[in-house]
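For reference, the structure is listed below as structure tokens.
Here, each number is a calculation from the coordinates, and none is a lab measurement. These numbers come from a predicted model, not from an experiment. Reconstructed Cβ throughout: ideal geometry from the backbone, glycine too, with neighbour counts over all protein chains shown.
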Amino acid sequence: MAGRIKSLIGSLGPAIGRPLGLRISEHENMLREIRQDVEYTQTLIGKTALSANVMAAMKEVPRHEFVTPEQLEQAYANRPLPIGEGQTISQPYIVALMTDLLAPKPNDVVLEVGTGSGYQAAVLSRLVSKVYSLEILERLSQRARAVLTRLGYDNVECRCGNGYYGWPEEAPFDGILVTAAAPNIPQPLVDQLKPGARLVIPVGLPGLHQELLLLEKDAAGHTRTRSVIDVIFVPLTGEPLARPSGEG
Ligand code: SAH
């Protein structure tokens, strides 16, 4: 299970069919659960509410478009869901929190590592001018690209590649968000941050303790890191780390 806080699992009641009205109320319920989780975790995350623009993006992006047909009834549940290839779409609370920690601004150019379903990229795309997103598994990268294109998220560019090394041709970035856990912070990503930029990344070993870290690079290029909350993510794979888990 990836992209989830350890202590909280939100839930929806049983889903019955998918009329539009029900989907809207499920989506609203998801937003309510995110607000509740923020309140529960306020001492850890240091705020009682996420930015209004982040919550507006969470309200705007249709999560049901990014899940597999098997998961459609659970699309607005506040928990991670399988998306195939052994990967998951993150828990909505975690998507919202990570987006908020990145403090995105309208003219920002950001990098996401771990496109997965494309959902996090779509949320980011509502808040910045351009999103570059890297996914190591070709099938997921292609599927996310197709969904994002179909829905008109035309400021997102997806590429299949190893995000450990970032996207040097488009660097430096105003922010980098990593949605898979690394054993430590990849230096190439730190190098690709502009002065004043932020990196949000889960760090730790699979199945063991993982922490969501916020790294800030100041104007002089010095970095400062703080641990925000314990999380559970799928591992960052590929060189120089482990073999991609969706391959074989
Ligand atoms: N942000 C995604 C969540 C994806 S889960 C969403 O909104 O749906 C993490 C993703 O990271 C998986 O799809 C996994 O294949 C990918 N991944 C793992 N290691 C990677 C690497 N080195 N480079 C790029 N993507 C990677």
For this session: Towards the positive end of the charge dipole of region 4-232, with charges on Cβ (+1 Lys, Arg; -1 Asp, Glu), say which of Gly152, Ala49, Thr223 has the farthest Cα.
Result: Ala49
Problem set entry | Cross-link table Lys59/Lys130; Lys130/Lys194; Lys105/Lys217; Lys59/Lys194, entries beyond 23 Å C-alpha to C-alpha | Lys59/Lys194
For this session: Might you report the magnitude of the Cβ-based charge dipole of region 115-248 about its Cα centre, with Lys and Arg at +1 and Asp and Glu at -1, to the nearest 20 debye?
Result: 280 debye
Seminar exercise, completed: For the chain, the longest principal axis of the Cα atoms and the Cα long axis of helix 20-40 enclose an angle in degrees, to the nearest 10, of 50 degrees
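At 222 nm, what value in deg cm²/dmol follows for the chain if DSSP H runs of at least 4 each add -39500 (n - 2.57) and the sum is divided by all its residues, to the nearest 500?
On the way: 7 runs with 70 residues, N = 248.
-8500 deg cm²/dmol, from helical runs alone.
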Problem set entry | Computed log₁₀ I(q)/I(0) - Debye formula, equal Cα scatterers, no solvent, region 83-239, q 0.16 Å⁻¹ | -0.81
For this session: Could you work out how far helix 138-150 tilts from the main Cα principal axis of the chain, as a 0 to 90 degree angle to the nearest 10?
Result: 60 degrees
Problem set entry | Residue with peak Gaussian network fluctuation, the chain [Cα springs, cutoff 10 Å], from Arg63, Arg23, Arg126 | Arg23
Seminar exercise, completed: The long-range amide H neighbours of Glu157, using H built 1.01 Å from N in the peptide plane and a cut-off of under 5 Å, are Val131, Tyr132, Ser133
For this session: Hey, can you grab everything whose amide H is under 5 Å from the amide H of Gln210? Only 5+ residues off in sequence or another chain; H modelled, so Pro and N-termini drop out.
Result: Val231
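For every other residue with a beta carbon closer than 13 angstrom to the beta carbon of Gln192, add +1 if it is Lys or Arg and -1 if Asp or Glu, then tell me the sum. Don't skip to the end; give the middle numbers.
On the way: positive: Lys194, Arg198, Lys217; negative: Glu112, Glu169, Glu170, Asp174, Asp191.
Taking every other residue near Gln192 into account, the sum is -2.
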Exercise. For region 123-189 and region 192-241, what is the separation of their C-alpha centers, rounded to whole Å?
Worked result: 15 Å
Problem set entry | Degrees, to the nearest 10: 92-102 long Cα axis against longest axis of the chain | 30 degrees
